[in-house]
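The values are calculated or read from the model by the stated rules, or taken from the named source; none is laboratory data. What you are looking at is a predicted structure, and each value in this text was computed from that prediction instead of being measured. Cβ sites come from the backbone with ideal geometry, for glycine too, and all protein chains shown count toward neighbours.
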């Protein structure tokens, strides 16, 4: 069986409003990161892949199965939505068992699979705990466990680290990396750090359009020579903000160290090694977004 | 396995136990757990045996005329067009038409009738030689003028022909109750009459609405939608689980009620399966329709609108029953009625006469339920694929996309 996802000329509308424009992607086994701002179209794309939304036109093949064949697609995918929960009065084991029944697993398979998965996500000790008593991180791990019940070829995970504390976030990313050894794992996020840590291939999506599709290395290469640092007095900051696309800044007394992207070297500035966040900003900048520093999630500190 | 999980989910919920409490309370208030205080007794000569309705023209015509005359004089007619009581006041024109009818029935001049009506003259008599079928036609016309639902409608005129039962008739009724109902059948029927109209035609809709909305409230829809299970299997199992969960207390209570008379009906051949037969034949279709309406409208609208719709249907049906509380088996009745206890020997003959109507009604209601379940499956699958309904939610959340 073909083990890739091929998306060709995908368009999606909500009523008259277009949410995805001619999306073309080829996704192969391993971790694939879908990066974009809130409202960029990531969730729409993920839901379309999970058969929860209908496309207007274009073609999607998941491991050789056309997306229109929803019944067969559901057998080979696992999906963890951005916002989810489970029946609050059920305990972890009951919730997993219920969803395993819906996944078509026999009694023996259920017992075996649930044990393995709870162990994998470190929830074995919490098997009897009510879902409503789980922390955010534990709930996400339970979410991943349920998405793996049918041993899917494709795991679709939408914004899994949003709202998690740093420790849980790292643990979660590592878990996804492990899973990606023999699966296609599509991870959507607006947090650049998630992508940097675990993905080799990524797509950047903005306002429904794919503005970058390739490897993280290629993304970084494209940003080389276009990321600069500069130190200025604090009073100059308002003027610099108006002139430059600042990706991060750090204040020290009356001085402010800024990091920015530009086409040419400015006087007083030095070229620096770009990181993935800079490269991401560069692509967004190329797409016409200037006031990126106003986005909370983008403003880093160095 | 999924069936047991769904049953467990329902039975462990608070609304289910509220439902159980409601059915116990409602049935207790109607005395179904005190049937042993109202035992079937053989009529003895020389007693009073109650009344029956009979189409005796000599009795019906003067009584109906008397009623019509009184209402005509006051120009205030009581009708039940859709079950609810309605007081009708006729226009001068229509009042003239009623006066014409009264003129034909009594032989008096129309003008005289109109002139005397204000003084509320004592009842006029039916003229000699008045043909009964013509009388019924004229009364049907009055009913039309009143907008229907009056006591002059062809199917209501018999109500003016109430005569006492004779000993022989009472004895015959008793013997039929013993032979056909085998005693327990009559009690099971009375239980079904109360349980159907008071509880099972309305309350299951709430359980269905709550269960169907549970996935959304628990933010579990997307997890379930992307699982392998087919929409048909999911909906059918949930429907079955709801119906079985509702029927469990019904089976128990119907037997508790019926067993009250087992020990005290010595020497009679009882039908111990009677409660089960009535539960399945009479009450199950009511439970099915109430549940199906709940599931269908909840999936269709994503709201608890089904409770209001079923509530309205139930209210109309109950009020429709005001005229037919003793027995009513019409095709579209949500809850058939046969309110006859041991004191009237269960009116078994009346029940047997209408059995075909009851059968048609129950089959139709069960059939509609299954059609609604089928439609629910289609809606569920369409929502699951984002073709219907689900997009409402997606549109709201598209800012998250």
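For the reader, a short list of remarks on this structure follows.
- Residue check for residue B:134: loosely packed, with under 15 Cβ neighbours inside 10 Å and within 14 Å of another protein chain (Cβ to nearest Cβ): no
- Lone qualifier among A:61, A:96, A:90 - being over 23 Å from residue A:179 (Cα atoms) and either buried (at least 20 other Cβ atoms within 10 Å of the Cβ) or more than 9 Å from every other protein chain (Cβ to nearest Cβ) (or both): A:90
- Residue that is nearest to residue A:34 (Cα to Cα), among those in region A:141-162 that are at pLDDT below 90 and within 13 Å of chain B (Cβ to nearest Cβ): A:159
- Among residues of region A:124-163, those that are more than 21 Å from residue A:78 (Cα to Cα) and crowded, with 17+ Cβ neighbours inside 10 Å, counted: 2
- Test for residue B:334: is it touching a helix residue (DSSP H, G or I) at 6+ places or on another chain (Cβ under 6 Å) and within 30 Å of residue A:49 (Cα to Cα): no
- The criterion of at least 3 residues that are at positive phi and not assigned by TED's automatic domain parsing to the domain that holds residue A:45 is met by none of the helices (runs of 4 or more DSSP H) falling completely within region A:178-258.
- Residue check for residue B:142: in contact with a strand residue (DSSP E or B) (Cβ under 9 Å, 6 or more places away or on another chain), in a helix (DSSP H, G or I) and crowded, with 17+ Cβ neighbours inside 10 Å: yes
- Residues being part of a helix (DSSP H, G or I) and over 24 Å from the mean Cα position of the chain (by Cα) - total across region A:100-118: 13
- Region A:159-169, residues that are in a helix (DSSP H, G or I) and over 14 Å from the mean Cα position of the chain (by Cα): A:166, A:167, A:168
- Only listed residue being in contact (Cβ under 8 Å) with a residue 60 or more places away in the chain, within 24 Å of residue A:182 (Cβ to Cβ) and more than 13 Å from chain B (Cβ to nearest Cβ), chosen from A:24, A:2: A:2
- The requirement of being within 30 Å of residue B:265 (Cβ to Cβ), surrounded by fewer than 18 Cβ atoms within 10 Å (Cβ to Cβ) and without any contact (Cβ under 8 Å) to a residue 12 or more places away in the chain is not satisfied by residue B:50.
- Counting only helices (runs of 4 or more DSSP H) that fall entirely inside region B:145-261 and contain at least 2 residues that are over 26 Å from the mean Cα position of the chain (by Cα) and not assigned by TED's automatic domain parsing to the domain that holds residue B:81, the qualifying elements are B:167-179, B:203-217, B:221-225, B:231-259.
- When the residues of region A:72-87 are filtered to those that are assigned to a helix (DSSP H, G or I) and more than 7 Å from chain B (Cβ to nearest Cβ), the one that is farthest from residue A:145 (Cα to Cα) is A:72.
- Selection of region B:264-285 for residues being touching a residue at least 60 places away in the same chain (Cβ under 8 Å) and assigned to a loop (DSSP other than H, G, I, E, B) yields B:264, B:265, B:268, B:269, B:270, B:271, B:272.
- Hey, residue B:397 in contact with a helix residue (DSSP H, G or I) (Cβ under 9 Å, 6 or more places away or on another chain), modelled with pLDDT under 90, over 19 Å from residue B:196 (Cβ atoms) and surrounded by fewer than 19 Cβ atoms within 10 Å (Cβ to Cβ) or not: yes
- Within this structure, residue B:377 fails the test of being at pLDDT below 95, within 30 Å of residue A:157 (Cα to Cα), in a helix (DSSP H, G or I) and more than 10 Å from chain A (Cβ to nearest Cβ).
- For residue B:334, the requirement of being buried (at least 18 other Cβ atoms within 10 Å of the Cβ), assigned to a loop (DSSP other than H, G, I, E, B) and assigned by TED's automatic domain parsing to the domain that holds residue B:207 is met.
- Top-ranked residue in region B:189-239 [being more than 14 Å from chain A (Cβ to nearest Cβ) and in contact with a strand residue (DSSP E or B) (Cβ under 9 Å, 6 or more places away or on another chain); ranked as nearest to residue B:312 (Cα to Cα)]: B:197
Conditions tested, residue by residue: (1) assigned to a helix (DSSP H, G or I); (2) assigned by TED's automatic domain parsing to the domain that holds residue A:44; (3) in contact (Cβ under 8 Å) with a residue 12 or more places away in the chain.
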{"site": "A:94", "(1), (2), (3)": "yes, yes, no"}
{"site": "A:125", "(1), (2), (3)": "yes, yes, no"}
{"site": "A:143", "(1), (2), (3)": "yes, yes, yes"}
{"site": "A:146", "(1), (2), (3)": "yes, yes, yes"}
{"site": "A:151", "(1), (2), (3)": "no, yes, yes"}
{"site": "A:157", "(1), (2), (3)": "no, yes, yes"}
